[in-house]
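Only one structure is covered here, and it is reproduced in the block below.
Where a number appears in this text, it was derived from the coordinates with a stated rule and is not lab data. If you're wondering where the values come from, they're calculated on a predicted model, not measured in any experiment. Virtual Cβ from ideal backbone geometry, glycine too; neighbours counted across all protein chains shown.
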Amino acid sequence: MTSRPGGYSHRFLCAGALAALLLSTVGCGRLEEFADPPASAPVEGDSTPSLAVNESAVALLPGSVSARHTLRVAIPTNEPPTQFYSEGTRYMTGTNPDIARLIGKALNLDVDIKVVNFDSIIPGIAAGRYDMTVSSMTPTTKRMAAMDFVDYMRMGNAIVVAKGAEPVTRDTLCGRRVGVLTGSYQLTVNVPAYEQDCAAAGKPPIRIGQFQDTRQAISALTSGRQDAVLADSPILEYATANNPAIEVSDTFDYTPVAVGVTKEPALVDAVSAALDSVIAGDAYREVLEKYGAESAMITRARVNAAQ
């Protein structure tokens, strides 16, 4: 995994009505955005497949986005294969950036990728800093207070352990030291449900360690500070394929993930129509196959289907 980009700036967004909204979704934290990659062509092999413009979707765009001719898309820091910098470059690639670019092609818009920490995305969307996010985000009722959602692929949970260590599964998390990503669906939704199961069975609670990215969590695992890491299945399967010191111990709970769109009905309608044409075309399959994520394909771009 490549190193985290530098040169970021941050600001606080915890005041007035905005604070009330954000506290119901991700809590009061700082909005952290990293230096954007320079605007340059992708290296050979990193170009996004061609896709025809969907004129009916373009006609749905709000005037503000049409006039700007750019979609501002928030995507988290390095998490191969969902998003990462091409080796030796500052070009963001992976399933999420490529899906964002396909949406842009369908809408005949440029795509300006903003690289941010995952837990900064919802505050940024709420503040009007970004138009949408393609970040493997699970649509939940709480998150729908700040955004609308359109499904674009599916993924599950995975648990990895150190190679040769005692297996850890969904049913044996109680009392274990488990690394998760800050702001993730695993931390905010899965873990509270699992801990209720632990309490009901009279078992000790899960000992959670929070990390900003999977690289940090896996480092804690291989150094003996965690017993397991719980995260999205494509990320941990990719990490396992590239790190002989860890192995997948369990996979489960496959559900859709969605593009998060600012609460602008016209933009939601346009993105939904664009995703319908993306999913129906060969380019969608090409992108997912490129990153070994064929199992993530879906056939319908549902709107606001809470998980």
TODO: Could you check what % of the DSSP bridge pairs in the chain are antiparallel, to the nearest 5?
DONE: 65
- [ ] Give me the number: length gained by fully extending Ala200 to Ala266, i.e. 0.36 nm times residue separation minus the C-alpha to C-alpha distance, one decimal in nm.
- [x] 19.2 nm
Task: Shape call, the stretch 253-307: gyration tensor on alpha carbons, a/c limit 1.5 - done: oblate
Open item on the list: With the cut-off at 1.5 for a/c, could you classify the stretch 156-307 from its C-alpha gyration tensor as rounded, prolate or oblate?
Closed with: prolate
Task: Stretchable slack from Arg302 to Asn242, in nm (0.36 nm times residue separation minus alpha-carbon distance) - done: 18.3 nm
Open item on the list: Starting from the 7 Å offset along Cα-to-Cβ, what nm value, one decimal, do you get for the label separation of Glu87 and Arg225?
Closed with: 2.8
TODO: Go ahead and run the numbers for FRET between Lys142 and Arg68, Cβ-Cβ distance against an R0 of 25 Å, rounding to 0.05.
DONE: 0.30
Open item on the list: Considering only C-alpha atoms, what is the centroid distance from the stretch 262-307 to the stretch 157-174, in Å?
Closed with: 31
TODO: Calculate I(q)/I(0) for the chain by the Debye formula, one identical point scatterer on each C-alpha and no solvent, and give its log10 at q = 0.14 Å⁻¹ to two decimals.
DONE: -1.07
Open item on the list: Run the simple label-point estimate for Val58 and Glu286 please: 7 Å along Cα→C-beta, distance reported in nm.
Closed with: 2.0
TODO: Let me know the shape class of the stretch 193-260, please: from the alpha-carbon gyration tensor, a ≥ b ≥ c as square roots of the eigenvalues, rounded when a/c is under 1.5, otherwise prolate if a/b is greater than b/c, or oblate.
DONE: oblate
Open item on the list: Please give the Cα centre distance for the stretch 92-111 versus the stretch 175-217, rounded to the nearest Å.
Closed with: 32
Task: Percent of C-alpha pairs per 10 Å bin, the stretch 65-217, short to long - done: 10, 34, 32, 17, 6, 1
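Taking 0.36 nm per intervening residue step and subtracting the Cα-Cα distance, what contour gain separates Tyr254 from Arg154 on full extension? Mind dumping the intermediate values first?
Details: separation 100, 0.36 × 100 = 36.00 nm, distance 0.66 nm.
Extra length available between Tyr254 and Arg154 comes to 35.3 nm.
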Task: CD proxy at 222 nm, helix term only [per DSSP H run n ≥ 4: -39500 (n - 2.57); per residue of the chain; nearest 500] - done: -8000 deg cm²/dmol
TODO: Select from Val271, Thr299, Ala239 the residue farthest towards the positive end of the dipole of the stretch 229-304; place +1 on Cβ of Lys and Arg, -1 on Cβ of Asp and Glu, and compute about the Cα centre.
DONE: Val271
TODO: Only Lys, Arg, Asp and Glu count, each charged at its Cβ (+1, +1, -1, -1), so figure out the dipole size of the stretch 155-251 about its Cα centre, rounded to 20 debye.
DONE: 280
- [ ] Quick one: angle between helix 191-200 and the longest Cα principal axis of the chain, in degrees between 0 and 90, rounded to 10, please.
- [x] 30
- [ ] Measure nothing but the geometry: give the 0 to 90° angle between the long axis through the Cα atoms of 95-106 and the longest principal axis through the Cα atoms of the chain, rounded to 10°.
- [x] 20
Task: Whole-Å semi-axes of the ellipsoid equivalent to the stretch 146-237 (Cα gyration tensor, √5λ, descending) - done: 21, 18, 12
